[in-house]
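As structure tokens, the structure follows; a few thoughts come after it.
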Protein chains: 2
Amino acid sequence: MTIAAESGTGNTDVAADVPQGAREDSQPPVSPEVSFDRKPESYRHWKLRADGPVAWLEMDVDEHGGVVPGYDMKLNSYDLGVDIELYDAVQRLRFEHPEVRSVVLTSAKENVFCAGANIRMLAGSPHEWKVNFCKFTNETRNGMEDATENSGQTYIAAVNGPCAGGGYELALACDQILLVDDNSSTVALPEVPLLGVLPGTGGLTRVVDKRRVRKDLADVFATRSDGVKGKTAVEWRLVDDIVPRRDFHDTVQRRALEAAESSSRPASGEGIELTPLQREVSDSGIAYRHVRAEFDRSRSLATITVTGPDKVPADMAEVHRQGAGNWLLAMTRELDDLILRLRTNETELGTWVITTEGDLKKVLAHEKVIFDAASQDWLSNEIVHYYKRTLKRLDVTSRSIIALIEPGSCFAGVLFELALAADRQYILDGPPIDDEDSEQRAEVRLSDANFGVLPMGNGLSRLASRFYGDGDHQEWLRREKDRALSPGEVNELGLVTDAPDDIDWEDEVRLIVEARKSLSPDALTGMEANHRFVGPETLETKIFGRLTAWQNWVFNRPNASGPEGALRRYGTGQKAVFDRKRV
Amino acid sequence: MTIAAESGTGNTDVAADVPQGAREDSQPPVSPEVSFDRKPESYRHWKLRADGPVAWLEMDVDEHGGVVPGYDMKLNSYDLGVDIELYDAVQRLRFEHPEVRSVVLTSAKENVFCAGANIRMLAGSPHEWKVNFCKFTNETRNGMEDATENSGQTYIAAVNGPCAGGGYELALACDQILLVDDNSSTVALPEVPLLGVLPGTGGLTRVVDKRRVRKDLADVFATRSDGVKGKTAVEWRLVDDIVPRRDFHDTVQRRALEAAESSSRPASGEGIELTPLQREVSDSGIAYRHVRAEFDRSRSLATITVTGPDKVPADMAEVHRQGAGNWLLAMTRELDDLILRLRTNETELGTWVITTEGDLKKVLAHEKVIFDAASQDWLSNEIVHYYKRTLKRLDVTSRSIIALIEPGSCFAGVLFELALAADRQYILDGPPIDDEDSEQRAEVRLSDANFGVLPMGNGLSRLASRFYGDGDHQEWLRREKDRALSPGEVNELGLVTDAPDDIDWEDEVRLIVEARKSLSPDALTGMEANHRFVGPETLETKIFGRLTAWQNWVFNRPNASGPEGALRRYGTGQKAVFDRKRV
């Protein structure tokens, strides 16, 4: 079955009011508004075909389909728009194709697998665009590994031509890498020698930590622009196997079928269609069905409100019938989309306040139907892991996040994770601000969802990270599950930063938001990235915490991005001029 | 016994030919040559007094004693020169004072503990100076923790006045923090709110990972400039105890004596005097007794040669008699000094080639006398841990390091760790280059020293890092201990990157050095930092790998270091102007 084939269908990535060609050579004056809506029927850069248990995901980048104007994407090089389609495909494979148990990622072009991120795009992008682009591409690659690990959809890179930089990093995110043995196809990380920057999508980390390439060989590999091929690539562990071209397709197919056979996914079943998201966008906010964001630009503030469920499905059969209409799935999709849009399109809204509204008991009842079935029902499993990934996006978002817990809110179980992901949490210890005679008080409820099924990138639950090393306290919290916790109790349990009363509440919230705005956005980003991830490190936290920080630094240095830097000089015929001082 | 008291003695930090006042307000035109030679008798900024099992290390910064001209160091703020003295004191306590089992770190000034790194110094320093300064100060603080953990010298911070930024980070490196309870003394990390940079000496990491302060409280703490005092400081775990001023000295002394009682160090014993290092410095190199470096500025190259021991001590009694003359201790001190001088004074020598010369068997015999006694003999223990720390300096040095193993070299045991610390290793498979008829061949010998007693910052030996996750290979290597390994065997065992023969050797080495010079120094630094530390992360690797990279990035951003940035505007009365885009 061919899900998508045509390319060249109308691309609606870029808001219509951005004039084509208005961009200068080096810096787009205003970043265009980016949409993350995609559907396979109108993919411009990928072909997705499901063939029983095996899906084929073929990269076929339209040179002229850049998400912003100003560059051609030759040799299957990619930009944010290409990666948005990849993300869409990875998501749809999980929800729409329960029968797919392995995914072959390959190129539809004759002479190249993928040349990596488009260099003209990188060289011409402002710093925040480059960093945001790298973050999203990293999340998508982590998502492929998550599908392999948690959904029985094993990704196999069929590298049928030269594969460089981000192209090889895409392959690294797959469970297996098969390289065509044709005396010319290589894998390479040429960023350091050609561009004076680092491989920005986890390459350095995955080479040594995931594939366990020896550090001296990794050093040779990452400093030569021509890459490695053939037996050496296997010996160095850069690829799993080399295969002659005449056997390539059959070998790839056999490997894919083998991987599919050992999968835990059902052999058949009906998928859930990820129907188009409905949203209203204005200059003052974005509103979805269960999620809305209101902007206060004068305070650099976005207030995000998540609404709890109206109803509770009786069982998973009902959840299957609801499909994309199920509250937890729909809310997650909306929140995911909102995070991506705010990160990309609203870089000056530096503080996100998170609130909720609804019935705490319904949240817990709803999550229970889904979470209890996760080990038997593929859809339940997908919803849980998708919500987990969306929370992880929050964890690595470079915005200050403040959760406000007021009467009428529903921070219970899955939704309380939003508060725990925040940098700070405040609960109102008193009646609603606009109704001082009301008996209503804020409350919080913990559930099993808070104790390990939604881990952060460091492998710990947000509660275990919050009370790192304090097992006794974690045990105490476990005993407080499934009951209403009052503001006083929530405060005593250390679940919030403070519990101001109704007289102080508005002033305190105002001061927090104002104080945040007065601080250096860069220092906040660095501080938050360090505070959020205590304890153990993983491939993921290394990629976001260590590699990303180094890459940000390198991107920002004149040796890369200055007028004589390697990134700016690439392809001009002029050599880069370096300040040779080691820092 | 007062070891040092006078301040104001001649400061020879700065080479005499650097004109005073030649520095512009913002950037010293040429960084002065820095020496790391110090002795307690002429400390300018510290008082060191050993009182039986307790040593008192009092900070008393001479305002006018900056290591470079251009700033006053008020309120016990510090610069590199102050920290060089601290490093000297920490080292001497370990070698010269076996009887000292706890160290009280406090201030000799009336109204302040320590205001942190001097801001004028930071604001006026070039990027590479700031980063190198932070690296050295981090290493010294890690060294204090190493003394507490491995030498039974427990550091106690007696915070007898306000304590901010680097001052609090100094306290964080101690095992206990006691804060005077006088209604005005606070601990604070005001870098983010006041300077728009991060606490650069491990503060963010130690607050959440070592002291396990909750991330939301850490966020509040690190975003308010006025700090935290009294009971709140204890409740948030920022300090261990608060003590009224009238009881402060007695309580501190009691705590220090209690810590001393549980120490593994001998109650008495004769120390080893760390006699002045002898070196010859010229524009073309530095030569010590057992270590020398030759500079080839046209190739951005320093060739470091370590000479093996002439003789083997019969037992530890002889090592004690040799004192600072013992080969392993002397060589370590020289190598340590060389690393520090090259990092600080020779930032354009981006590639370090490491070679050795001497008798492999003597290296192993020498190390065996010392390493075998480490559990019983305090001096043996100190030499092993000092060599470990010096190797760790190499691991975090932002230079490309290449080890060359030729006939006549002595890469055995402890010295083979130098090769393993390198980014690449090459062994000559053939006769010496200048004597093709010779029968002599290069060899390598492994010993127990390569299997865990000299761990990297990630907690793994360099061999376990090199063959990360491959336990079988590590077992194989264990079986090859204590015998001569030929170039072919060394190559087969994966201990070197390549083993060129005598025909190719010189060309290959030349090409490697030339290639390195052609690459962006920044990209190399980021790449090497990522390749060198596979596997688990620790406080140390987080500080050097993650926090440092973020700090480098923040330092480099206009929001900190630009003309309107917070670091440059601090103290001018003008508010910083921020680009509010979140990155």
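Throughout, read-outs are computed from the coordinates displayed, never taken from laboratory work. Because the structure is predicted, anything quoted here is derived from the model rather than measured. Cβ: placed from backbone, ideal geometry, glycine included. Neighbour counts: every protein chain shown.
A few notes on this one:
- Long pairs among A:Lys392/B:Lys231; A:Lys130/B:Lys581; A:Lys231/B:Lys392; A:Lys362/B:Lys215; A:Lys581/B:Lys130; A:Lys47/A:Lys542, criterion Cα-Cα beyond 23 Å: A:Lys392/B:Lys231; A:Lys231/B:Lys392; A:Lys362/B:Lys215; A:Lys47/A:Lys542
- Using alpha-carbon coordinates, inclination of helix A:327-345 to the longest axis of chain A, degrees: 60 degrees
- Working note: Cα gyration tensor of region B:249-325, eigenvalues times five, square-rooted, sorted largest first, giving semi-axes of 40, 21, 11 Å.
- Helix axis angle, B:360-371 relative to chain B longest principal axis, alpha carbon, degrees: 40 degrees
- All-pairs Cα distance distribution in region A:397-528, expressed in whole percent, bin size 5 Å: 2, 10, 19, 22, 19, 14, 10, 4, 1
- Overall Cα dimensions of region A:109-255 - principal axes, largest extent first, Å: 44, 35, 32
- The Cα-based radius of gyration of region A:459-583, divided by its Kirkwood radius, gives an Rg/Rh of 1.18.
- MRE, 222 nm, helices only [DSSP H, n ≥ 4, -39500 (n - 2.57), over the protein assembly as shown, to nearest 500]: -11000 deg cm²/dmol
- For region B:475-518, the equivalent ellipsoid derived from the alpha-carbon gyration tensor has semi-axes of 27, 12, 7 Å in decreasing order.
- Inter-copy separations for A:Ile433, label at 7 Å along Cα-Cβ, nm, ascending: 7.3
- The mean number of Cβ atoms from other chains found within 10 Å of a Cβ in peptide A:208-214 is 5, as a whole number.
- Fewest-first sequence of B:Thr497, A:Thr525 by Cβ atoms within 10 Å of each Cβ: B:Thr497, A:Thr525
- Estimated D of region A:51-166 in µm² per second, where Rh is the Kirkwood radius over Cα pairs and Stokes-Einstein applies at 4 °C, 1.567 mPa s: 88 µm²/s
- Percent of beta bridges antiparallel (DSSP, the protein assembly as shown, rounded to nearest 5): 35 percent
- Cα gyration tensor, region B:226-378 - rounded (a/c under 1.5), prolate or oblate: oblate
- Distant-in-sequence amide contacts of B:Val444, defined by a placed amide H-H separation under 5 Å and a gap of 5 or more residues or a different chain, comprise B:Leu485.
- Using equal-weight Cα scatterers in the Debye expression, the normalised intensity of region A:144-219 in log10 at q = 0.11, 0.20, 0.27, 0.28 Å⁻¹ is -0.29, -0.92, -1.32, -1.35.
- Position B:Pro455: other-copy label points at 2.1 nm, ordered by increasing distance, label point 7 Å along Cα→C-beta.
- Exposure proxy shown here: for A:Arg101, A:Arg255, B:Arg580, A:Arg246, the number of other Cβ atoms within 10 Å sets the order, fewest to most, as A:Arg246, B:Arg580, A:Arg255, A:Arg101.
- Debye log10 I(q)/I(0) at q = 0.07 Å⁻¹ for chain B, Cα point scatterers: -0.42
- Relative pair counts by distance (%), Cα atoms of the protein assembly as shown, 10 Å bins: 2, 10, 18, 22, 21, 16, 9, 3, 0, 0, 0
- Position A:Ser268, label points 7 Å along Cα→Cβ, spacing to each other copy in nm (shortest first, one decimal): 9.0
- Normalised contact order of chain B, rounded percent, pairs of Cα under 8 Å and 6 or more residues apart: 11 percent
- Centroid-to-centroid separation of region B:437-510 and region B:358-424 [C-alpha atoms, Å]: 13 Å
- Region B:125-186 shape via C-alpha gyration tensor axes, a/c threshold 1.5: oblate
- For B:Ser225, A:Ser461, order by how many other beta-carbon atoms lie within 10 Å, fewest first: B:Ser225, A:Ser461
- Against the main long axis of the alpha-carbon atoms of chain A, helix A:80-96 sits at an angle near 70°.
- Beta bridges from DSSP with both residues in chain B: antiparallel share about 35 percent, rounded to the nearest 5.
- Global geometry of region A:181-283, whether rounded, prolate or oblate, following the gyration tensor of its Cα atoms and the 1.5 cut on a/c: oblate
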